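Worksheet: one structure, shown below.
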Amino acid sequence: MTDGDLKFAVVALSAVFFVIDPLANVPVFLTITGKLTPDQRRGAAARAAFTTWVLLCFFAVAGGLVFKAFGISLGAFKVAGGIMLLLMSIDMMRAQPSPTRTTHEEQQESRAQDDIAIFPLAIPMLAGPGAIATVMVLMSRAAWNPVRTPAVFGAITVTCLAAWLLMRSAANAERWIPKTLLRAFERVMGLLLAAVAVEFIASGVRDLVHAAS
């Protein structure tokens, strides 16, 4: 391994870790999974981290081809992710259950668990447009180099493991936090998530306008 390869590995890990920012997603995880039991939360954390790992590895390998095949731009992806996140944030601010909770209790509980783990935890909070774009750019720079390519996948793996451990630890510690405080925190986080959603949408619109000009 050359000095250039080592620097690339450090840059790859730093870029992937900070764009996903597992620590910043812990409060979101606590509020979104507020109605789940501790065991269900730990399961959701594991599914979200694993889904994030699969998605980022997939887009690292074939992201550019998929977007070209379906004629999808990164700007359109950002807008779609922002709209989905905005809808979820509205439910959080109103402290109301998700619309998926309108069917039979047991069936709907199972659906809600899957939805929470995949959306919005894995998509777009962890494996969002920024993370997908980052791994795609890193892979283009690695150019399937036998040293640099594994460094990209290693960065993805380390970051997803960190996200899983942080969410799992938060699920264990949450039992000591008063429910009233959690409800208030949920509304505040809903407002912050709405702002993040607007940023996603605005960034996507800028990308689309720039591509059209």
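The values are calculated or read from the model by the stated rules, or taken from the named source; none is laboratory data. Here the structure is a predicted model, which is why all the values come from computation and not from measurement. Neighbour counts run over all protein chains shown; Cβ positions are idealised from the backbone, glycine included. When the accessible area is computed, the model is the full protein with side chains, heavy atoms only, and any ligands, DNA or RNA have been set aside. Shrake-Rupley method; radii C 1.70, N 1.55, O 1.52, S 1.80 Å.
Some points to look at:
- Largest to smallest accessible area among 58, 18, 119 [probe 1.4 Å]: 18, 58, 119
- Net length available on complete extension from residue 69 to residue 165 is 31.0 nm, with 0.36 nm assigned per residue and the Cα-Cα distance removed.
- Efficiency of FRET between residue 21 and residue 90 - r from beta-carbon atoms, R0 22 angstrom, step 0.05: 0.45
- Of the peptides 120-129, 191-200, 61-70, 25-34, the ranking by mean beta-carbon count within 10 Å, highest at the top, reads 120-129, 25-34, 191-200, 61-70.
- Between residue 3 and residue 212, the C-beta separation translates, for a Förster distance of 41 Å, into a calculated FRET efficiency of about 0.45.
- Relative packing of peptides 4-13, 156-165 - highest average C-beta neighbours within 10 Å first: 156-165, 4-13
- Inter-part distance where the range 11-40 and the range 67-82 are each reduced to a Cα centre, Å: 24 Å
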